[in-house]
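Student: Starting off with a structure, shown below.
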Amino acid sequence: MRTNLNHFINGEWIGSTGSETIQVCNPATEEVIGEISSGTEEDLNKAVAAAKAAFPSFSKTSKEERIQLLEAIANEYENKKDELIDVITEELGSPVSISQNVHYTMGYNHFKHAAEALKNFSFEENRGNHKIRKESIGVSGLITPWNFPTNQTSTKIAGAIAAGSPMVLKPASMTPFAAMMLADILATAGVPKGVFNLVNGSGSTIGNGISKHPDIDFVSFTGSGKVGEKIMKNGAETIKKVALELGGKSPLVVLEDADMEKAAKTAAWNIMMNTGQVCSAATRAIIPASKKEAFEKAVKQAVSSFEYGDPKQTETKTGPLISKDQWDTVQSYIEKGIHEGATLLLGGTGKPEDLETGYYVKPTVFTDVTNDMVIAQEEIFGPVLSVITYNDLDEALEIANDTIYGLAGYVVGKDKETLAHVANNIKAGQITVNDGKTDFFAPFGGYKQSGIGREWGDYGIEEYLEVKAIMGLS
Ligand code: TAP
């Protein structure tokens with residue numbers, strides 16, 4: 001592992017001007033797997049200067065050049081498949097099957113889809129008496145969380161490259177190594193010097209510095225609402241554009257005519273995938289009161305059927321949480337749920353038997369939950385499901401929308417009209433109906449306190465652009 005040369009600035013790995021370091025742990029073994037420098041303001045300034053210097057030429061590259069670059073990155077990313085999967089598995093504790101089929105694959109898709117989206121993207125348009133030009137916004141600052149080390153970084157990097165915006169990335173301190181691999185992948189693929197820069201370090205120094213920096217024109221942030229709010233306030237000092245992808249408390253509305261086993265499988269996948277550390281996970285199953293017993297039986301079985309344990313085993317489907325802090329947070333929510341009077345259908349506090357080492361929690365399902373309970377209102381970021389009953393569809397929608405969040409929504413059932421009615425009336429940025437597959441051209445982002453802006457595909461490219469209207473030329 002690199003120990004000191006771990007900021008990637010102007011095309012090379014350099015050491016930090018400070019001496020502090022941050023340790024990185026494997027959450028399944030609780031062992032330290034490496035450390036990174038805790039970058040300084042001076043390190044950040046160097047990275048921003050490199051990106052600023054790269055702007056005049058990179059922002060003028062043609063769409064075709066950037067398509068080729070994105071395709072070259074996707075190829076190089078593919079060449080590093082096995083290494084990426086290993087690194088994600090180690091630093092996140094993600095099961096190897098999820099590291100491959102979700103984390104690795106999502107990162108790849110973002111580069112591929114940005115290249116495809118760019119083919120049909122128009123940077124200039126004549127509109128009668130005026131012309132529209134879309135131009136690179138300038139230097140972008142990217143701040144990413146730990147829960148999807150290649151997905152969150154790749155979607156931002158792909159959007160910035162597609163738009164011709166040089167960037168400075170600050171990856172999450174708990175999962176920096178996959179992001180550092182991306183730096184090498186981008187360089188090998190031919191990304192020009194200064195276009196991609198990475199500074200490791202704490203959120204309070206490097207993240208905060210990015211959000212305040214006068215030479216950064218746009219900040220794309222994914223993470224908690226609390227930090228999102230700070231970034232918006234800091235950005236306001238220099239009237240910076242910000243995109244925020246924040247938390248969620250997404251509903252899964254189960255219709256009266258749904259197959260309860262299918263509905264339960266959807267619910268189980270949502271809380272078990274990535275150990276529930278997913279901003280768009282459906283964590284509230286809103287089910288017809290008449291189907292309560294059938295759903296409870298099915299969901300208990302579906303959650304219990306997930307292979308839980310060592311991330312390195314191919315059959316493992318769910319691993320540990322990222323850290324001791326996250327473990328404590330999830331425990332306190334389970335305690336709150338019990339205290340609030342919800343019924344424990346599965347799981348509870350403490351570690352699962354035979355998994356003493358690692359930040360493992362018991363997959364937990366609460367039933368008899370009312371939507372005003374803390375466990376139904378706050379983002380837990382762990383494998384904890386709340387089952388809430390409704391008596392008619394209006395009530396189901398009222399419960400679904402009774403949240404400060406609006407990132408995603410899910411609906412399962414048979415009647416097409418009812419499915420469309422629910423999909424149209426959930427106030428959230430991305431809705432999945434039954435087995436609807438993830439489409440990386442589809443925009444991703446939140447209503448309400450789930451954020452501002454959209455990522456993925458052409459909407460993701462728009463974020464890194466300014467719009468200019470020209471009159472008198474046509
Ligand atoms: P955050 O603390 O928001 O961290 C996200 C990123 O922001 C990290 O790179 C972090 O750096 C950085 N950061 C921290 N403080 C900052 C500041 N003052 N200014 C600028 N950047 C700063 O989230 P977390 O600790 O990873 O997770 C906490 C909670 O956030 C979770 O429990 C979950 O509810 C939510 N969360 C949501 C998402 C999504 S996808 N919406 C993803 C992760 C977490 P460091 O890594 O160095 O601290």
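The values are calculated or read from the model by the stated rules, or taken from the named source; none is laboratory data. What you see is a predicted model; the values in this text were computed from it and never measured. All Cβ positions, glycine included, derive from the backbone under ideal geometry; neighbour counts span all protein chains shown.
Student: Residues in the stretch 356-364: is at least one part of a helix (DSSP H, G or I), outside the structural domain of Val24 (by the TED database), of a type in the set (Phe, Trp, Tyr) and within 16 Å of the ligand (Cβ to nearest atom)? Spell out how you get there, then give the answer.
Tutor: Filtering the stretch 356-364 down to residues part of a helix (DSSP H, G or I) leaves none.
No: the stretch 356-364 contains no residue that is part of a helix (DSSP H, G or I), outside the structural domain of Val24 (by the TED database), of a type in the set (Phe, Trp, Tyr) and within 16 Å of the ligand (Cβ to nearest atom).
Student: Being of a type in the set (A, V, I, L, M, F, W, C), more than 8 Å from the ligand (Cβ to nearest atom), within 30 Å of Ser290 (Cα to Cα) and in contact (Cβ under 8 Å) with a residue 12 or more places away in the chain, is that true of even one residue in the stretch 219-232?
Tutor: Filtering the stretch 219-232 for residues of a type in the set (A, V, I, L, M, F, W, C) gives 219, 221, 227, 231-232.
Checking which are more than 8 Å from the ligand (Cβ to nearest atom) leaves us with 219, 232.
The next check asks that each one be within 30 Å of Ser290 (Cα to Cα); those that pass are none.
The answer is no; no qualifying residue exists.
Student: Could you please give the count of residues in the stretch 286-333 that are touching a strand residue (DSSP E or B) at 6+ places or on another chain (Cβ under 7 Å), of a type in the set (A, V, I, L, M, F, W, C) and either surrounded by fewer than 21 Cβ atoms within 10 Å (Cβ to Cβ) or closer than 21 Å to Asn147 by Cβ (or both)?
Tutor: Of the residues in that region, 4 qualify.
Student: Does the stretch 457-465 contain any residue that is at pLDDT 95 or above, farther than 20 Å from Gly228 by Cα and in contact with a Ser or Thr (Cβ under 8 Å, 6 or more places away or on another chain)?
Tutor: Looking through the stretch 457-465, at least one residue is at pLDDT 95 or above, farther than 20 Å from Gly228 by Cα and in contact with a Ser or Thr (Cβ under 8 Å, 6 or more places away or on another chain).
Student: Can you give me the ranges of the helices (runs of 4 or more DSSP H) entirely in the stretch 368-474 with at least 1 residues that are of a type outside the set (A, V, I, L, M, F, W, C) and outside the structural domain of Phe295 (by the TED database)?
Tutor: Passing ranges, in order: 457-462.
Student: With assigned to a helix (DSSP H, G or I), more than 10 Å from the ligand (Cβ to nearest atom) and either charged (D, E, K, R) or buried (at least 19 other Cβ atoms within 10 Å of the Cβ) (or both) as the only criterion, which of Gly235, Gly194 stands out? Spell out the reasoning first.
Tutor: Values: Gly194 fails: assigned to a helix (DSSP H, G or I).
One residue alone meets the criteria, Gly235.
Student: Asp328 versus (1) away from the ligand (no atom under 16 Å from the Cβ); (2) closer than 24 Å to Ile33 by Cα; (3) free of Cβ contacts under 8 Å to residues at least 12 places away in the same chain: which is the lone unmet condition?
Tutor: Every listed condition holds for Asp328 apart from (1).
Student: State the number of residues belonging to the stretch 400-454 that are within 16 Å of the ligand (Cβ to nearest atom), within 11 Å of Pro251 (Cβ to Cβ) and either free of Cβ contacts under 8 Å to residues at least 60 places away in the same chain or of a type outside the set (Phe, Trp, Tyr) (or both).
Tutor: 6
Student: Taking only the stretch 421-441 into account, find how many residues are crowded, with 18+ Cβ neighbours inside 10 Å and touching a strand residue (DSSP E or B) at 6+ places or on another chain (Cβ under 8 Å).
Tutor: The qualifying residues number 7.
Student: Mind listing whichever residues of the stretch 99-150 are among the polar types (S, T, N, Q) and surrounded by fewer than 24 Cβ atoms within 10 Å (Cβ to Cβ)?
Tutor: Residues satisfying the conditions are Gln100, Asn101, Thr105, Asn109, Asn120, Ser122, Asn126, Asn129, Ser136.
Student: Let me ask another. Would you check if there is a residue in the stretch 213-222 being assigned to a helix (DSSP H, G or I) and over 28 Å from Asp458 (Cβ atoms)? Show your work before the answer.
Tutor: Of the stretch 213-222, the ones assigned to a helix (DSSP H, G or I) are none.
For the stretch 213-222, residues assigned to a helix (DSSP H, G or I) and over 28 Å from Asp458 (Cβ atoms): absent.
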